[in-house]
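Undergrad: Below is the structure I would like to discuss, written out as structure tokens.
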Amino acid sequence: MTALGCHPLPVLTCLTVQDTRNVYDAQPVDADLIRRQLDCVAGDAPIHAIKTGALGNAEVIAVLCEFLDRHPDIPLITDPVIKAAGGGDLADDALIDAMKQALFPRAEMITPNGVELALLGGSDDPAESAHRLLAGGCRSVLATGGHGTGEFIINTLYHADTEPMTWEIERIGGEYHGTGCTLAAAISAGRANGLSARTAIAQAQNFVHRAISHALTVGGGQPVPDRGIRWEN
């Protein structure tokens, strides 16, 4: 977000035990403490977009939705974090249900990867899963292709009333640690800067491609995208 010209206001929702290989444990932050964090940052600085990631439990969803109901005009980009790339769980059934029923209808866009989309939509067919989520109240679904295979990474945006729109970039190497988070954060930065959703997706995808091109080997697992690269439009 900083590289794309924004100042992030982090609200901690979930503490993890993780490295570049996997997530081994996760503990949600107390929901009342999250409520106080939200009220504190919102009372001090203007908020132009919100991006969510690992949320911990269903109680956290309830607090976040209360906040969103008081700020309905802020664009919300939701990265529905369910599993780490290494396979570690980051959401139980109650949290998944709360996301689908309460959070997704409030989001401008959700950004599931292939595994998350299949779990949320109940089908291995990405289009079918996306349309099930749209029928359940999602406004738009960006099915991300970073965890797939093939020469190109293909991201597909689904809306209920329009044909899907796709973006593709060359796939570089294998899996990276945090590409989905990076993409969703970059989209929210674009929206915060006043870009349309589609333009924000295009900019975010280019940003992720550059970050992956300069990925850092910091541990024994997946390389980490270099999110600190200097960005020039």
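Undergrad: Would you mind calculating the relative contact order of region 14-213 from Cα pairs under 8 angstrom and at least 6 residues apart, reporting the percent as a whole number?
TA: Details: 350 pairs, mean separation 32.4, N = 200.
Relative contact order for region 14-213 comes out at 16 percent.
Undergrad: Would you mind classifying region 14-213 by shape? Square roots of the alpha carbon gyration tensor eigenvalues, ordered a ≥ b ≥ c; an a/c under 1.5 is rounded, otherwise it is prolate if a/b is larger than b/c and oblate if not.
TA: Values: a/c = 1.37, a/b = 1.24, b/c = 1.11.
Taking the square roots of the gyration eigenvalues as a ≥ b ≥ c, region 14-213 is rounded.
Undergrad: While we're looking at this one, here's another question. By average Cβ neighbour count within 10 Å, what is the ranking of 6-12, 74-80, 55-61 from highest down? Could you put the intermediate results ahead of the total?
TA: Details: 6-12: 13.6, 74-80: 23.7, 55-61: 21.7.
Packing order, densest peptide first, comes out as 74-80, 55-61, 6-12.
Undergrad: Please list, ordered by chain and number, the residues whose modelled amide H lies under 5 Å from the amide H of residue 18; skip anything fewer than 5 residues away on the same chain.
TA: For residue 18, the qualifying residues are 24.
Undergrad: Continuing with this model, one more query. What whole number of Å gives the distance from the Cα centroid of region 110-126 to the Cα centroid of region 190-233?
TA: If we compute the Cα centre of each part, the gap is 22 Å.
Undergrad: By average Cβ neighbour count within 10 Å, what is the ranking of 183-189, 112-118, 124-130 from highest down? Display every interim value, and only then the final one.
TA: On the way: 183-189: 27.4, 112-118: 21.6, 124-130: 17.7.
Order by mean packing, descending: 183-189, 112-118, 124-130.
Undergrad: I'd like the Karplus ³J(HN,Hα) series for region 49-60: coefficients 6.51, -1.76, 1.60, θ = phi - 60°, whole numbers in Hz, and an x wherever there's a Gly or Pro.
TA: Per-residue couplings from phi come out as 6, 10, 10, 10, x, 5, 10, x, 7, 5, 5, 5 Hz.
Undergrad: Residues with beta-carbon under 14 Å from that of residue 34, excluding residue 34: net charge, scoring Lys, Arg +1 and Asp, Glu -1? It would help to have the intermediate numbers written out before the result.
TA: On the way: positive: 35, 36; negative: 30, 32, 39, 59, 66.
Neighbourhood net charge equals -3.
Undergrad: Using 0.36 nm per residue of separation minus the Cα-Cα distance, give me the extension gain between residue 83 and residue 125 in nm, one decimal. Before the final figure, lay out the partial values.
TA: Details: separation 42, 0.36 × 42 = 15.12 nm, distance 1.88 nm.
Contour length minus Cα-Cα distance gives 13.2 nm.
Undergrad: What is the magnitude of the charge dipole of the chain about its Cα centre, with +1 placed on the Cβ of each Lys and Arg, -1 on the Cβ of each Asp and Glu, and no other charges, expressed in debye to the nearest 20? Numbers along the way, then the final one.
TA: Details: 16 positive and 28 negative charges, 117 e Å.
So the dipole magnitude of the chain works out to roughly 560 debye.
Undergrad: In nm, to one decimal, how far is the modelled label at residue 47 from the one at residue 32, with both set 7 Å along Cα→Cβ?
TA: Here the answer is 2.0 nm between the modelled labels.
Undergrad: Still on this structure, I have one more. Can you work out ³J(HN,Hα) from phi for every residue in region 69-80, in order, using Karplus 6.51 cos²θ - 1.76 cosθ + 1.60 and θ = phi - 60°, giving whole Hz and x for Gly and Pro?
TA: 5, 7, 9, x, 8, 7, x, 10, 10, 10, 8, x
No value in this document is a laboratory result; all are computed from the given coordinates. As the structure is a computational prediction, the values presented were derived from the model and not from experiment. Here the Cβ is made from the backbone with ideal geometry for all residues, glycine too, and neighbour counts use every protein chain on show.
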